[in-house]
Structures are given as structure tokens and as C-alpha cells.
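Chemist: Encoded as C-alpha cells, here's the structure I'll be asking about.
The values are calculated or read from the model by the stated rules, or taken from the named source; none is laboratory data. Every value quoted in this text rests on a predicted model; they were computed, and no experiment measured them. Note: ideal-geometry Cβ built from the backbone for every residue, glycine included; neighbour counts use all protein chains shown. Note: accessible area is taken over every heavy atom of the protein model, side chains too, but ligands, DNA and RNA are not part of it. Shrake-Rupley method; radii C 1.70, N 1.55, O 1.52, S 1.80 Å.
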Amino acid sequence: MNNHSNGEVNCNYITNYNGTIEGKKTLVKQCDEDHHEEDKLSAIEVAYTTILKELGEDPEREGLLKTPLRAAKAMQYFTKGYQETIHDVLNNAMFDENHDEIVIVKDIDVFSLCEHHLVPFFGKVHIGYLPDRKVVGLSKLARIVEIFSRRLQVQERLTKQIALAINEALQPMGVAVVMEASHMCMVMRGVQKMNSRTVTSTMHGIFRDDPKTREEFLALIRK
């Protein structure tokens with residue numbers, strides 16, 4: 001166990017510090033990042049405590065003693081996509097492949113938070129792309145969905161962001177994304193329509209330009 005101080009921050013953690021200048025820089029950077037995350041978590045916890053008080057609750061009662069901290073950690077998890085990038089996810093997962101047929105991954109579970117009311121919406125995402133000599137590991141498509149859904153979102157933008165990220169990374173002949181979701185802001189409040197579902201789609205390249213290719217994709221995700 002090492003205690004490292006850079007003049008402002010003290011960190012206690014196990015490390016394989018090798019004594020090099022680069023090692024010191026890495027250690028200090030990690031130390032600063034850890035403390036920054038702790039400060040953010042603490043600030044969110046305080047905010048939830050304030051919310052409970054303003055709602056008329058007693059944050060000191062037994063059932064709520066740890067609720068602000070739990071809620072803060074949950075909110076950080078729900079929005080962890082802000083800390084992730086496409087390049088991190090796709091690292092070494094793209095391959096040259098002479099495949100010229102549509103690749104589809106459908107029924108990908110998606111969970112996100114509506115940015116208007118901070119309540120969940122959830123459903124399924126269907127992704128298709130036509131490769132141009134480059135394919136990606138199938139699980140990475142689900143990871144791309146995770147990156148953008150773990151942010152404050154609206155469904156229309158989320159659908160488009162997923163498609164644009166795949167298009168930018170793979171530069172395929174075309175990309176198609178369809179999302180179906182239930183929104184708790186329509187179920188738990190407002191119009192309170194229990195069975196309503198919202199469907200959004202975005203088409204790029206050959207899926208937009210060629211009706212036959214688009215229909216093939218839509219027919220396959222309906223099966």
C-alpha cells in the first residue's frame with residue numbers, strides 16, 4: 001500500500017509504481033481522477049438529500065439514511081456513457097472481411113433516461129449495416145447502443161447517434177437503426193397511456209437510397 005502526494009492530493013492504493021517519471025505522471029493523474037470522481041459522487045449525494053428534504057421527507061430516518069448515496073451511485077451508472085467513447089469500445093474489434101450482405105443484430109435491449117423528466121424509457125434496438133470490406137464484432141454493436149443510451153436522451157437523437165457512430169467507424173455501404181421503446185413519462189405521468197410505444201428509425205447510404213435494401217432490412221427485423 002502506497003501513499004502518494006503531489007502537493008495537493010493524497011492517495012492510498014495498491015500500485016505497481018516502477019519509479020520512472022512516466023510512472024509518476026500516471027500515478028498522479030489517476031490519483032486526481034479518483035478524487036474528482038469522489039467529489040462528484042459527494043455533490044450528487046448532497047443534492048439528493050436536499051431533494052428528499054424538499055419533498056417533505058426526513059433523510060435521517062432509517063429507511064432513507066443511505067438513499068442519497070445509493071441514488072447518486074445509480075445516477076452515475078445510468079449516465080456512465082458520458083465517460084466512454086466509440087474508440088474505446090471498438091478497439092481492435094474491426095476486421096477486413098469480403099462480406100457484401102446485410103448484417104443485422106436485432107432485439108438489443110436498451111435502457112435510457114428521458115432528459116425532460118429524468119424517468120426511464122426502455123425497449124429494443126435493431127441495427128443493420130451493409131459492409132464495405134470491413135466488419136465489427138457483433139457484441140460491439142450492443143456496446144455502442146450502451147454508450148449512447150447511458151446518457152440523458154430523447155429517443156430520436158439516440159437512434160441517430162447510434163447510426164452515425166457505426167457509419168463513422170465502419171464507413172459501410174449503409175446503416176439502418178430502428179428503435180421501439182416505452183416511455184415512463186407517458187405511462188407514470190401526463191397522459192398515462194400504458195400500452196403506447198414509440199418507434200423511431202434512421203437510414204443512411206443504401207438503406208435510404210434503395211427501397212429494396214430498406215425493405216429487406218425491415219422484413220428481417222419483423223421476423
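Chemist: Could you work out what % of the accessible surface of region 47-202 is carbon and sulfur, using a 1.4 angstrom probe and leaving DNA, RNA and ligands out of the count?
Modeler: Roughly 53 percent, rounded to a whole number.
Chemist: Same structure again: To the nearest 0.05, how large is the calculated FRET efficiency for H35 and L118 if R₀ is 25 Å and r is the Cβ-Cβ distance?
Modeler: Rounded to the nearest 0.05, the efficiency is 0.40.
Chemist: Would you calculate the separation in nanometres between label points at M94 and S182, each defined as 7 Å from the Cα along the Cα-to-beta-carbon direction?
Modeler: 3.7 nm
Chemist: What is the Cα centroid distance between region 123-198 and region 57-89, reported in whole angstrom?
Modeler: Between the Cα centre of region 123-198 and that of region 57-89, the gap is 23 Å.
Chemist: So how much accessible area does D132 have, in Å² to the nearest 10, using a 1.4 Å probe?
Modeler: So the heavy atoms of D132 present about 60 Å² to solvent.
Chemist: Next question. Looking only at V178, V119, V110, which one moves most when the chain is put into a Gaussian network model with springs between Cα atoms under 10 Å?
Modeler: Of V178, V119, V110, the most mobile in the Gaussian network model is V119.
Chemist: I'd like the GluC sites (Glu not before Pro) in region 44-151 restricted to DSSP loop residues with at most 16 other Cβ atoms within 10 Å, sorted by number.
Modeler: Passing sites in region 44-151 are E57, E60, E84, E97, E101, E115.
Chemist: Can you report the principal axis dimensions of region 98-140 using only the alpha carbons, biggest first, rounded to whole angstrom?
Modeler: Ordered largest first, region 98-140 gives principal extents of 45, 16, 14 Å.
Chemist: What do the square roots of 5 times the Cα gyration tensor eigenvalues come to for region 168-223, in whole Å, largest first, as semi-axes of the equivalent ellipsoid? Provide the component values of the computation, followed by the final result.
Modeler: Numbers: eigenvalues 187, 35, 13 Å².
Equivalent ellipsoid semi-axes, largest first: 31, 13, 8 Å.
Chemist: Select from R150, R197, R189 the residue whose mean-square fluctuation is largest in a Gaussian network model of the chain (Cα-Cα springs shorter than 10 Å).
Modeler: So, out of R150, R197, R189, the one fluctuating most is R189.
Chemist: Quickly work out the V191-to-K106 label distance, labels modelled 7 Å from Cα along the C-beta direction, and quote it in nm with one decimal.
Modeler: For the pair K106/V191, the computed spacing is 2.7 nm.
Chemist: Can you report the principal axis dimensions of the chain using only the alpha carbons, biggest first, rounded to whole angstrom?
Modeler: 63, 56, 21
Chemist: Something else: Cα gyration tensor of region 127-198, axes a ≥ b ≥ c as square roots of the eigenvalues: rounded (a/c below 1.5), prolate (a/b > b/c) or oblate?
Modeler: Because a/c hits 1.5 or more and a/b exceeds b/c, region 127-198 counts as prolate.
Chemist: Rounded to the nearest 20 Debye, what is the dipole magnitude of the chain about its Cα centre when Lys and Arg each give +1 and Asp and Glu each give -1 at the C-beta? Write out the running numbers ahead of the final one.
Modeler: Numbers: 28 positive and 32 negative charges, 127 e Å.
With only Lys, Arg, Asp and Glu charged at Cβ, the dipole is about 620 debye.
Chemist: Let me have the relative contact order for the chain, percent, based on Cα pairs under 8 Å that are six or more residues apart.
Modeler: Working: 337 pairs, mean separation 33.8, N = 223.
So the answer I get is 15 percent.
Chemist: I'd like the accessible area for L113: 1.4 Å probe, protein heavy atoms, all chains in place, Å² to the nearest 10.
Modeler: For L113, solvent-accessible area is about 20 Å².
Chemist: Cα-Cα over 30 Å: which of K80/K223; K124/K212; K40/K193; K66/K106?
Modeler: Numbers: K80/K223 33 Å; K124/K212 24 Å; K40/K193 36 Å; K66/K106 39 Å.
Beyond 30 Å between Cα atoms: K80/K223; K40/K193; K66/K106.
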